[in-house]
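Trainee: The structure follows.
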Ligand SMILES: *Cc1c(COP(=O)(O)O)cnc(C)c1O
């Protein structure tokens, strides 16, 4: 049996008739950027999440970049971020000229409040939490800490659409939440897309201005902005999929639960879920000591795996200027050399789930 790591064609087929109808609507409308689809998506997404404002942007990285920009985070400012996050989280900080302060994650792969405390300085402006792989971070202590030290609490929700901590959605704890709708994400567009969510009216206004050349009114440019708008066709596609987000999440949960209950191999460490957190399973990430051997065994048996992520941002070439060396973040580096993601996507068949479990359990025996 051949099992891909992901299969976006299957995902498309689930929504095919509605997406195609929407595509034709938008194509024939003659209106392609900043129109009623974008506005409707913003309203529907913010209502579903329970926030006042959603501002559609062109991708998740720009959501973070514009968000930090809107808060005035720039040169000389420090933003605390977990060392094992995807590099886009960090780029959102550094492209504004600010400095990322990396901290080690906990056993749930998420940021740890105790590590945040130790890294607060007079330059710290914000804590940027990534709810990594789809599991909500423990937000109770982090929220209190940010209030106490007067830090902006920011959430990278690119992997955690509608995951909850203590029954509250990720993206609604801090002053701003950032979402990506890259095609592989739980809520995925047919191309690039993202959004910023916030309850703060001034910030919402500022993001709207920033995404459109720094203008609110055409040709009246009040600040230097970007072009970071969400296309009508992507917004229209997202509106279709948003209606099914609960179903999308449940299907992923059902696959993950089978993996959690039926994978049993002393060589494999399964993901753990923290008390109070829900996990929406953007990725199912296990740890294996001899990763290459494990990946080869699966590949020899027709199963494709992936690694999220093999090089932590502090060791990437792009950030060699920050001066980190191997050993700077031992736990993060250990994770980078032992994590493996196994196939989990909408449309994965029961016989394929059974086969993945069988092969994973056979490894090393
Ligand atoms: C995907 C992702 C991003 C970036 O989103 P894009 O839409 O690809 O720009 C940022 N942070 C995390 C954690 C992501 O997984």
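Just so it is clear, none of the values below were taken in a lab; they were calculated from the coordinates. What you are looking at is a predicted structure, and each value in this text was computed from that prediction instead of being measured. A quick note on method: Cβ atoms are made from the backbone with ideal geometry, for glycine too, and the neighbour counts reach across all protein chains shown.
Trainee: Would you please name the residue that is surrounded by the fewest Cβ atoms within 10 Å (Cβ to Cβ), looking only at residues in the stretch 276-289 that are assigned to a loop (DSSP other than H, G, I, E, B) and in contact with a helix residue (DSSP H, G or I) (Cβ under 8 Å, 6 or more places away or on another chain)? It would help to see each step written out before you state the result.
Mentor: We begin by selecting, within the stretch 276-289, every residue assigned to a loop (DSSP other than H, G, I, E, B); these are 276, 278, 280-283, 289.
Filter once more, so that each one left must be in contact with a helix residue (DSSP H, G or I) (Cβ under 8 Å, 6 or more places away or on another chain): 276, 280-283, 289.
Details: 276: 14, 280: 26, 281: 25, 282: 24, 283: 23, 289: 12.
Across the stretch 276-289, the extreme among qualifying residues is 289.
Trainee: Looking at 93, 73, 64, which is the one that is over 24 Å from residue 188 (Cβ atoms), surrounded by 21 or more Cβ atoms within 10 Å (Cβ to Cβ) and touching a residue at least 60 places away in the same chain (Cβ under 8 Å)? Step through it out loud before you land on a result.
Mentor: Numbers: 93 fails: touching a residue at least 60 places away in the same chain (Cβ under 8 Å); 64 fails: over 24 Å from residue 188 (Cβ atoms).
Of 93, 73, 64, the one residue that is over 24 Å from residue 188 (Cβ atoms), surrounded by 21 or more Cβ atoms within 10 Å (Cβ to Cβ) and touching a residue at least 60 places away in the same chain (Cβ under 8 Å) is 73.
Trainee: With the requirement that a residue be away from the ligand (no atom under 13 Å from the Cβ) and outside any loop (DSSP other than H, G, I, E, B), what does the stretch 55-92 give you?
Mentor: Result: 55, 69, 70, 78, 79, 80.
Trainee: Being away from the ligand (no atom under 16 Å from the Cβ), in contact (Cβ under 8 Å) with a residue 12 or more places away in the chain and either surrounded by 15 or more Cβ atoms within 10 Å (Cβ to Cβ) or under 26 Å from the mean Cα position of the chain (by Cα) (or both) is the filter here, so list the residues in the stretch 290-323 that pass it.
Mentor: Correct list: 291, 294, 295, 297, 298, 301, 303, 304, 305, 315, 322.
Trainee: Additional query: I'm checking my understanding of the structure. Among residues of the stretch 212-230 that are closer than 21 Å to residue 40 by Cβ and in contact (Cβ under 8 Å) with a residue 60 or more places away in the chain, which one is surrounded by the most Cβ atoms within 10 Å (Cβ to Cβ)?
Mentor: 230
Trainee: Can you report the number of residues in the stretch 93-141 which are in a loop (DSSP other than H, G, I, E, B) and touching a helix residue (DSSP H, G or I) at 6+ places or on another chain (Cβ under 6 Å)? Break it down stepwise before answering.
Mentor: Going through the stretch 93-141, the residues in a loop (DSSP other than H, G, I, E, B) turn out to be 95-98, 104, 106-110, 112, 119-123, 131, 136-139.
Pick out the ones that are also touching a helix residue (DSSP H, G or I) at 6+ places or on another chain (Cβ under 6 Å) and you get 95-96, 104, 109-110, 120.
Residues meeting the conditions: 6.
Trainee: Quick check: anything in the stretch 10-33 within 17 Å of the chain's Cα centre (by Cα), more than 22 Å from residue 227 (Cβ to Cβ) and assigned to a helix (DSSP H, G or I)?
Mentor: Scanning the stretch 10-33, I find no residue that is within 17 Å of the chain's Cα centre (by Cα), more than 22 Å from residue 227 (Cβ to Cβ) and assigned to a helix (DSSP H, G or I), so the answer is no.
Trainee: Just to verify a result, which residue in the stretch 175-188, among those that are closer than 13 Å to residue 245 by Cβ and more than 8 Å from the ligand (Cβ to nearest atom), is surrounded by the most Cβ atoms within 10 Å (Cβ to Cβ)? Before the answer, list the steps.
Mentor: Step one: filter the stretch 175-188 for residues closer than 13 Å to residue 245 by Cβ, giving 179, 181, 185-188.
If we keep only those that are more than 8 Å from the ligand (Cβ to nearest atom) too, we end up with 179, 186-188.
Values: 179: 30, 186: 24, 187: 21, 188: 21.
Here the answer is 179.
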